[in-house]
1. Among B:49-59, A:341-351, how do they line up by average Cβ neighbours within 10 Å per residue, starting with the highest?
2. Let me know the mean shielding of B:48-61 by other chains, meaning the per-residue number of their Cβ atoms within 10 Å of its Cβ.
3. Under the 0.36 nm per residue contour assumption, what length would be gained going from the current alpha-carbon distance of A:H131 and A:L423 to full extension?
4. Work from the charge dipole of the protein assembly as shown (Cβ charges, +1 for Lys and Arg, -1 for Asp and Glu, about the Cα centre) and give the residue of A:C260, B:I100, A:F292 farthest towards its positive end.
5. To the nearest 500 deg cm²/dmol, what mean residue ellipticity at 222 nm is calculated for the protein assembly as shown from DSSP H runs of n ≥ 4 alone, each contributing -39,500 (n - 2.57), summed and divided by the residues?
6. Given the range A:212-274, what whole percent of its Cα pairs are spread farther than 20 Å?
7. Between 0 and 90 degrees, rounded to the nearest ten: what's the tilt of helix A:17-32 against the longest Cα principal axis of chain A?
8. Of all the accessible heavy-atom surface of the protein assembly as shown, with the other protein chains kept in place and a 1.4 Å probe, what percent is carbon and sulfur?
Amino acid sequence: MSAESVSPPLHLHAQPAAIAAASAWARACAAQHNLDEDDSYRLDLCISEWVENVTRYAYPDYAPGALELRCAVAPDGVAVTVTDSGRPFDPLLLPPPHTPATLTDATPGGLGVHLVRKFADACTYHRDGEHNVFRMEIRPHAAGEAGTRTSRGADRRTPEPGAFPVTRTDGAVVADEPRSGRDRRDSGFISSFRIFRNVPYDELEKVLGSCPVSEFTEGEVLLRPGDRNQYLALVIRGRLRIHLETPDSDDYVEIAPGDCAGEMSLVDGRSVSAYVVAHDRCRLLLVDGHTFLNRLLTLPHVARNMLSMLAERMRSSNTRSIERAKSAVALAALQRELSVAHDIQASMIPERFVLTPARPEVECAGFMRAAREVGGDFYDAFYIEPNRLFIAIGDVCGKGMAAALLMVRTMMLLAAEASKPVLNQRMHTRAVLESVNRQLAEKNDNGYFASVFCGVLHTTTGLLSYANAGHTPPVVVRGRAPVCYLEVPRNPIIGIVPEAEYGVSELVMPPGSTLLLYTDGVTEAETAGGEMFGEERLLELFRTKKPRTAEMVADDVVQAVDTFAGGYPQSDDLTLLALVYRGDAPPA
Amino acid sequence: MKMSVTELDERLTLIALDGRMDLEGTQAIDQQFGFQTTTQKRNLVIDLSQVSFLASIGIRTLLTAARGQSSRGGKLVLAAPEPMVRKVLDSTGVDQIIPIYPDVAAARAAFPA
């Protein structure tokens, strides 16, 4: 390998496309340095994982920054250095991922850095001014050893971080994950806290040496609003929660190891403004007010670090307020759209509808009440010829916006098909259903479906020809015959099988007959106790009541259902279409 | 990245993956793979023999699928990874939670009739 063979550096923008570019570059470097297939794989893996980490985390989403890759000859192989100017992040300090015992525990994530540490033969990190500089080394033919090591069972049960020990650029040797181990205090763990950044360790030790360490159990309340706070609490282990409203409110700020709590009330001398609760078992170093103000704040850098922490907290709390305001605005916009959708739907399917005046021989009344802003039920009634009335009712699976959109489509298709010239009077409803079904099923990637009952009533003869697609059978009242459910052909719901066939049935309705089409929001209306309205109760209503107009029929049913449910909120839309056939009887 | 789905018999489906399981590759099959592996209970063998490269994002895809199946009562196993791909699976502990077989025949045998 000679100096001339060094690949030119690669400059990228930290965005997803960079990963493929970095990977191709890695393969080219590997080829130039005559790495074999396995080593080339390792170089590719390490570089693409690290570049992915940088693109995901180093920069804020709205401002992806630059990264630079350089490949150089190392004493025993190839070294790649990746430099970015994003948030400081030392991948060597990341604890190894825990190996999940079962699939349900498995959290797929955080494996990238682990893979880099496993597959590189050496890694170093340093922060150079505003830059993260991460260097990975691949030594040819070292993979065999790594392979043997990783395939040993014992190793896998306790995964090792890999690539340790590492030599940091400041010369310090990191033997193992420095934040693990029992005796963190002695190893200078506390001195690595942000508040003590750049503070000489021996001076710090002199001040903190006399401060007690206390343990708190999960859920323990350390401070309440109004309390006089005595201590600055430095979190060594566990987490604290700061709640503004109650000690168990959902909205809180978490204080993690390395961070501190209590500084505000110590600084301004006022009483505590929030609840401080131990989130889990906590170990805290408690610095009393006097030591904090007179000995700690006077150490070089502490005051500055403190100010920078407070500034960051204020910024993050500002960001949170802005985010909350934004999501409130977004929610309001959604609500407005829903209410527009509701209005559009209401104009298509009025909650109450009466079709009578010009046609004394038939009366029709519709009713629909959606369980949410928009519903998935519909009904329709209109004349397709001067003496032929088309009626339909349907129920689309699901609720909310998706159901509402499919409902609109189904209703439009039905109306369009029903309005086409009638080729065969008897078979018209069948042709309508089959054609609507075919059109819905052919463009239905989501598997949505609908149940529909539709029919055509000949207004001079009273002959009703009807077809049914999985819908609940209508109630029919004919002269003195017992009130019953109409016998309907058992045919599939629409929207699933494009070639489904639908049978047609016929029924003669003598003058004075009543027909009620409804959706299961009627029969499945529930009380608070879970009892259902049911089919029998619906029939009974018709046995006892003798309403004179279609509107009265509809009103009676709605009222009976509402009385039954007793104000308990319903999960289904409530929809019905009542029809009274008067034939040539003189208008009432 | 390509994938093909074969019904081996009425209770076992083979999904063969082909290409690099990096960010691009995974995104290319994400929807189809997710649909095949998580929407219904199935017994699945994922043939990795033609996968030339596996990165952490690919592991995420495999884990999500295996977890989706296990929550539906189905089972997902991996078959025939190339040695380096196998090393990646081992060093992330995937072999501890998803069975891995040297070839498709062995994986098939793991689903007794």
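1. B:49-59, A:341-351
2. Details: counts 0, 0, 0, 0, 2, 6, 3, 10, 14, 8, 0, 6, 7, 1.
Other-chain Cβ atoms within 10 Å of each residue's Cβ, averaged: 4.
3. Length gained, A:H131 through A:L423: 97.3 nm.
4. A:F292
5. Values: 18 runs with 234 residues, N = 701.
Computed mean residue ellipticity for the protein assembly as shown: -10500 deg cm²/dmol.
6. Numbers: 448 of 1953 pairs.
Tail of the P(r) past 20 Å holds 23 percent of the pairs.
7. Helix A:17-32 and the main axis of chain A meet at about 50 degrees.
8. Carbon-and-sulfur percentage of accessible area, whole number: 53.
The values are calculated or read from the model by the stated rules, or taken from the named source; none is laboratory data. Owing to the predicted nature of the structure, the values given are computational and were not obtained by experimental measurement. A quick note on method: Cβ atoms are made from the backbone with ideal geometry, for glycine too, and the neighbour counts reach across all protein chains shown. Only protein heavy atoms, including side chains, enter the accessible area calculation; ligands, DNA and RNA are left aside. Shrake-Rupley method; radii C 1.70, N 1.55, O 1.52, S 1.80 Å.
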